[in-house]
Amino acid sequence: MDELELIIRKIEDNIDSDDFEVIMIECMQNIESDYNEPDSIEPLLKLMERHTLTSFGSPGAIVRFVETFYKRGYEEKLIASLKRMPTVHTVWMLHRIMNGEDNTEDYLSLLKQISENEDYDEEIRYEALHFLSIH
């Protein structure tokens with residue numbers, strides 16, 4: 001297991017901890033200093049995929065980090081993640097992207113697919129439906 005995976009594992013191991021936010025921020029500072037590259041986005045999104053209903057902040061350290069790669073591959077990685085396993089947080093992240101875009105048809109189509117897929121948790125479908133209703 002490489003160092004980035006170990007850092008992400010530390011975040012994951014503390015998801016239910018009272019110190020989760022502090023630990024996540026510390027870990028993300030480490031990632032920002034040592035792994036500040038687009039290749040770090042996917043492992044972080046996969047962490048979210050494993051915890052579909054977890055709030056990672058608003059926006060939170062992970063979102064602030066991955067959004068530094070906006071227009072540099074972040075959007076494509078987020079869409080791939082949403083197609084694999086949408087989460088409450090990644091649906092919200094898509095909404096943040098949509099707020100900065102003029103052409104949102106593909107994003108709206110993805111939200112519609114998520115909102116209608118009964119394999120996903122009701123809370124995730126509701127979140128997608130909510131963002132559909134305001135766009």
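Values in this text are rule-based calculations from the coordinates and carry no lab data. Predicted model only: the values in this text are computed from it and were never measured. FYI the Cβ positions are ideal-geometry reconstructions off the backbone, even for glycines, and counts take in every protein chain you see.
Sites listed here are GluC sites (Glu not before Pro) in segment 79-127 whose DSSP assignment is loop and whose Cβ has at most 12 other Cβ atoms within 10 Å: Glu101, Glu118. Does anyone have the angle between helix 105-116 and the longest principal axis of the chain? Alpha-carbon axes, 0 to 90°, nearest 10? That works out to roughly 90 degrees. The length gained by stretching the chain between Glu67 and Ile134 to full extension, at 0.36 nm per residue less their Cα-Cα distance, is 21.9 nm. Taking the C-alpha atoms only, the angle from helix 3-13 to the longest principal axis of the chain is near 70 degrees. For a quick check, take a GNM of the chain with Cα springs below 10 Å and name the residue from Phe65, Phe20, Phe56 with the largest mean-square fluctuation. The residue that fluctuates most here is Phe20.
Averaging the Cα positions of each part gives two centres, and for segment 87-135 and segment 6-63 these lie 22 Å apart.
Using only Cα atoms, tell me the angle between helix 41-50 and the longest principal axis of the chain; keep it within 0 to 90° and round to the nearest 10. The answer is roughly 70 degrees. Placing a label point 7 Å from the Cα of Glu118 along the Cα-to-Cβ line, no residue of segment 70-102 has its backbone N under 16 Å from it. Loop-resident trypsin sites (Lys or Arg not before Pro) (DSSP state other than H, G, I, E or B) in segment 27-82 with no more than 16 further Cβ atoms inside 10 Å of their Cβ: Lys71, Arg72. Each Cα pair under 8 Å and six or more residues apart adds its sequence gap; the mean of these over the residue count of segment 1-116 is a relative contact order of 24 percent. Of (1) 12, 35, 32, 18, 4; (2) 12, 44, 33, 11, 0; (3) 13, 47, 34, 7, 0, which one was derived for P(r) over Cα pairs in 10 Å bins from 0, in percent from the structure shown? Given (1) 12, 35, 32, 18, 4; (2) 12, 44, 33, 11, 0; (3) 13, 47, 34, 7, 0, the structure-derived one carries the label (2).
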